[in-house]
Protein chains: 2
Amino acid sequence: MSTRRATISDVAREAGVSVSTASVVFSGKTPTSEATRARVLTAAEKLGYTGPDPRAASLRRGRSGIVGVVFDQHLGTAFLDPVTTHMMDGLADGVSRLGAALLLLRDDGVTISEPSLHTAPIDAAVLIGCSPRMADSLEIVRGRGIPVVVIEGDAGDGIPRVLLDNVEAQREAARHLADLGHTDVVVVTLPVDVERRRGWIPDDAAVHVDITADRLAGVREVFPDAPALAAAASSIDEGAIAGRTIFADPSRRPTAVIAQSDLLAAGVIRAAEEAGLQVPRDVSVTGFDGVVVDGLAPHVLTTLVQPATAKGRAAGEAVAAMLEGSTPAGLDLTCTFRVGTTTAPPRSTGV
Amino acid sequence: MSTRRATISDVAREAGVSVSTASVVFSGKTPTSEATRARVLTAAEKLGYTGPDPRAASLRRGRSGIVGVVFDQHLGTAFLDPVTTHMMDGLADGVSRLGAALLLLRDDGVTISEPSLHTAPIDAAVLIGCSPRMADSLEIVRGRGIPVVVIEGDAGDGIPRVLLDNVEAQREAARHLADLGHTDVVVVTLPVDVERRRGWIPDDAAVHVDITADRLAGVREVFPDAPALAAAASSIDEGAIAGRTIFADPSRRPTAVIAQSDLLAAGVIRAAEEAGLQVPRDVSVTGFDGVVVDGLAPHVLTTLVQPATAKGRAAGEAVAAMLEGSTPAGLDLTCTFRVGTTTAPPRSTGV
DNA sequence: TTGTACGCGTTATCAT
DNA sequence: ATGATAACGCGTACAA
């Protein structure tokens, strides 16, 4: 009637073998005779022993088999973006060689609870995002001596990063619009800082989010004076809010809008249609990501298709490599420009 | 130049105190004098000690602070459904009282890798979904003696469950259509088994997925003979595929389609419009979930709004309660029927 | 307030 | 093929 759970030594005693033999039977690391193997298994079943305690095994091995995925925002919010979900998909794939599971962690800087980034039993970490906050997360993880890979963010010396060619890609889209004859272009950007404030970005304002800054820089190489309007998140609703601002004054409407994400672009298109504008006849719109946006039909967005799943997988593989002792270089992934049905020459070209 | 990481006893020695004192300084479980506290912290910093090893602490405490979330499908797929992401959101919230982190686990029955459901260092588990596969997952977790909560699935004796009133809710939608005058109704269902096969469901076929079966039962209480077409997943694309099948033959078109999810409903609407039908004039469509579906505008779906976030939170709180020793009862959540713009009386009523 | 001593459940090493 | 033994790094009665 003892309520204590059976341990491997209980099983060993019951089976009449040594603890090490019992251990070996469960791990399979060393060949055992069929007879003892059966005895151990029988004893285990009798005692209700379901295998080694992962905590003890983890202590002994120095590995937990867990890879932490660190977000800098609310998890629910993060998963609402298809790019993130696809990336998680790839990540799960990439670490599968290790057979590691993914631990969802959020580092918002105020976490008092455990396990936080400070105490989670992780073998490695993947940092996602690009906010200033991430520098702190990086510090914490590095301090613990845990291998880390950064996705789309700035990192120090020798930390593998998975990056996108944001500047070049976005420049290509801008170039496409310029080639079509557009000169009056507005950019709708992703959040510019942790506060995620909406609004026009002053020319002299520093943009603290790498992705946002890079994509904006790409546009400015072609349209140096393009105004930029920051959204509070990457979502259709935010895009619509930005779009309404942009299309509010009929006399000052741009002929094209460059959105920094497909979700934002979809919202901009919605706002344009609300304002009685036709896309692409009255206004061209480009996106970024190349995800499937529900409800965009019949439009096919002109956008930069980013390899979201590959991004996650690359990070996962880099983590796996680090855990196996090698030091993977970072990886630069490239986006593919896709011309859809949402861009056309400006209507007033001949005026 | 020793490469070994410092342990708490190194720190204690350096600080000239005992290990237990050092331990106490880090855990804060017992008051310590300010002086020793400072000495220990200084020593730790000097040695590059960043806090107790979570693996050892976890072994000692018998807790890892990790709650496993078990899916029965590819993680990427799961996260593509807004209901799931919202639920994860609530779950993260619900377990936050424990300060627990969420470990993503997938049990597809063929996992050879570690940590699997068998070996993950989890304090508790949340089982999501309702496939037959889940019974096995349940068995594994229970075998390990780990507290478990099931969301929308069948479970045995004494296992807390978070359920929805699927039958009643879906019946309400069906009743709504009946009241409008519909008699010719088709149901588009969620997957009926692990194989996720598409196609018409024979009357005598057993439906192995609880949600699917329950929602279908709700419809059949009002429309006993309504044909049911199974989709392979809950997505707009799958809904469109089903819709095309349904609307293919103009002479046999139903006047209403009951979809078992909003995503499916959106796809059905798309298919209807492709077929030249107007919603709701030519065909009424209802959904289930009450999530925001991108691209559905200007339609507002007539649907059952389910408390997805609350569902996750309830599960999280149940887990927290179990870990604290109490035995929470299951929770039955109810959906709210919302009349939108996608249902109307059948056009041919007067014929 | 601080220290001593033991145990948490495994697994790796080495010897047999 | 099997067994004895020593870590793994920490938390916590209990004593002082």
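What are the pairs with Cβ atoms under 8 angstrom where one residue, in the stretch A:37-66, is of a type in the set (F, W, Y) and the other, located anywhere, is within 13 Å of DNA strand D (Cβ to nearest atom)? Sequence gap at least six, or different chains.
A:Y49/A:T7; A:Y49/A:I8; A:Y49/A:V11; A:Y49/A:A43
Within the stretch B:50-99, which helices (runs of 4 or more DSSP H) (wholly inside it) include 3 or more residues that are more than 7 Å from chain A (Cβ to nearest Cβ), more than 16 Å from DNA strand D (Cβ to nearest atom) and not polar (S, T, N, Q)?
Counting at least 3 such residues, we get B:82-94.
Yes/no matrix, rows are residues, columns are (1) among the β-branched types (V, I, T); (2) surrounded by 20 or more Cβ atoms within 10 Å (Cβ to Cβ); (3) at pLDDT 95 or above; (4) under 17 Å from A:G129 (Cβ atoms):
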residue: A:I211; (1), (2), (3), (4): yes, yes, no, yes
residue: A:G218; (1), (2), (3), (4): no, yes, yes, no
residue: A:E221; (1), (2), (3), (4): no, no, yes, no
residue: A:D237; (1), (2), (3), (4): no, no, no, no
residue: A:A242; (1), (2), (3), (4): no, yes, yes, no
residue: A:V257; (1), (2), (3), (4): yes, yes, yes, no
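How about the stretch B:1-20: which of its residues are farther than 11 Å from B:P52 by Cα, surrounded by 10 or more Cβ atoms within 10 Å (Cβ to Cβ) and within 8 Å of DNA strand D (Cβ to nearest atom)?
Scanning the stretch B:1-20 gives B:R5, B:D10, B:S18, B:V19, B:S20.
In this structure, does B:S23 turn out to be surrounded by 14 or more Cβ atoms within 10 Å (Cβ to Cβ) and either touching a residue at least 40 places away in the same chain (Cβ under 8 Å) or in the same structural domain as B:P191 (by TED's automatic domain parsing) (or both)?
no
Please go through (1) more than 14 Å from DNA strand D (Cβ to nearest atom); (2) outside any helix (DSSP H, G or I) for A:A44 and return the number of the only condition it doesn't satisfy.
Every listed condition holds for A:A44 apart from (2).
Could you list, in sequence order, all residues of the stretch B:21-41 that are part of a helix (DSSP H, G or I) and more than 9 Å from DNA strand D (Cβ to nearest atom)?
B:V25, B:E34, B:A35, B:T36, B:R37, B:A38, B:R39, B:V40, B:L41
Looking at B:P160, B:P202, which one is more than 25 Å from B:R270 (Cβ to Cβ) and surrounded by 15 or more Cβ atoms within 10 Å (Cβ to Cβ)?
B:P160
Output the residues belonging to the stretch B:281-290 that are on the phi < 0 side of the Ramachandran plot and surrounded by fewer than 24 Cβ atoms within 10 Å (Cβ to Cβ).
Matches in the stretch B:281-290: B:R281, B:D282.
Out of B:A35, B:A43, B:A22, report the one residue that is more than 44 Å from the chain's Cα centre (by Cα), more than 7 Å from DNA strand C (Cβ to nearest atom) and either more than 14 Å from every other protein chain (Cβ to nearest Cβ) or farther than 22 Å from A:I146 by Cβ (or both).
Of B:A35, B:A43, B:A22, the one residue that is more than 44 Å from the chain's Cα centre (by Cα), more than 7 Å from DNA strand C (Cβ to nearest atom) and either more than 14 Å from every other protein chain (Cβ to nearest Cβ) or farther than 22 Å from A:I146 by Cβ (or both) is B:A43.
Here's a check for you: in the stretch A:227-272, which residue that is closer than 21 Å to A:A78 by Cβ and β-branched (V, I, T) is farthest from the chain's Cα centre (by Cα)?
Within the stretch A:227-272, the match that is farthest from the chain's Cα centre (by Cα) is A:I241.
The values are calculated or read from the model by the stated rules, or taken from the named source; none is laboratory data. Remember, predicted model here, so these are calculated numbers, not experimental data. Here Cβ is always computed from backbone atoms with ideal geometry, including for glycine, and neighbour counts include all displayed protein chains.
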